[in-house]
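Heads up, the thing below is written out as structure tokens.
The values are calculated or read from the model by the stated rules, or taken from the named source; none is laboratory data. Note that the structure is a prediction, hence the values are computed from the model and not measured. No Cβ is skipped: glycine too gets one built from the backbone with ideal geometry, and neighbour counts run over all protein chains shown.
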Ligand code: PMV
């Protein structure tokens, strides 16, 4: 039996603009994880996928052709070059909430690729895993930038520009991020297509917003590399303001961002596709409990804290 895990992720800077070629920064969140287990079964069983959280179980043959779990299993087997005739049970489960900007789909796919490739004696590099997961991200998201599969497969802070080599960047002074869930599911595909339609109607305004966000992501990377944490917070606030102008915030996200700032966070912004999902806030050991309390009072459904660096 082979077991593998994959962490969740948050985007620090640059969501949406990254789809249009701007840089973005993302970091893994190890407090939430997806897990995949692969077991060899007696001959004739075929490959069975068990999605524990959804209480579903089906063989590869029974799965619809656009099933994302089927796609990642077949993609991995084809990549390794071992064909699809195996007798295996692949069980997946996850503590990463779905459609909240924490990368649950990419993490489940990554855990499957890791477990399956190791089980068959062909462990794969982070880049190969990322490329395979990107293919299933297209099923979930339509036109993904590729940032989710990259940060989750590399499990390091990444500076990501679409279609360019991924850069892993150093964090000079580790810092704390509070991640608060609005409780509202927001499928990435819908938020991304909303932005696309708005961009088509007003290219000039949106391209200006994308450029400004790209500059913030660059400055954010520099500030993190230099350990200038207060600048990171200020840039988070600025990035959130631009995301609001882009139309991907919501009253609930606004309320959470303001609550975090009132609680003493150095900066706060929505993270991921927006319109729901999570916000992130930059906190210290001194401010973390107060920010946590303010977020819960403002209606956060769940609050977790992670250290970056
Ligand atoms: O999966 P999410 O919700 O973190 O959103 C991904 C970030 C977007 O920039 C909105 C889309 C993308 O493909 O990069």
Meets criteria (at pLDDT below 95, under 21 Å from residue 168 (Cα atoms) and under 23 Å from the mean Cα position of the chain (by Cα)) for residue 101: yes
Scan of segment 14-28 for residues that are more than 11 Å from the ligand (Cβ to nearest atom) and under 15 Å from the mean Cα position of the chain (by Cα), ordered by number: 25, 27, 28
Failed condition for residue 195, given (1) in contact with a strand residue (DSSP E or B) (Cβ under 7 Å, 6 or more places away or on another chain); (2) buried (at least 23 other Cβ atoms within 10 Å of the Cβ): (1)
Scan of segment 86-138 for residues that are outside any loop (DSSP other than H, G, I, E, B), within 16 Å of the ligand (Cβ to nearest atom) and touching a helix residue (DSSP H, G or I) at 6+ places or on another chain (Cβ under 6 Å), ordered by number: 94, 105, 106, 107, 109, 110, 130, 133, 134, 135, 136, 137
Count of segment 139-168 residues which are within 14 Å of the chain's Cα centre (by Cα) and part of a strand (DSSP E or B): 3
Unique match (being more than 15 Å from residue 12 (Cβ to Cβ) and crowded, with 18+ Cβ neighbours inside 10 Å) among 128, 106: 106
Residue within segment 29-52 that is at pLDDT below 95, within 16 Å of the ligand (Cβ to nearest atom), over 25 Å from residue 214 (Cα atoms) and part of a helix (DSSP H, G or I) present: no
Scan of segment 237-254 for residues that are under 14 Å from residue 205 (Cα atoms) and either in a helix (DSSP H, G or I) or in contact with a strand residue (DSSP E or B) (Cβ under 6 Å, 6 or more places away or on another chain) (or both), ordered by number: 242, 243, 244, 245, 246
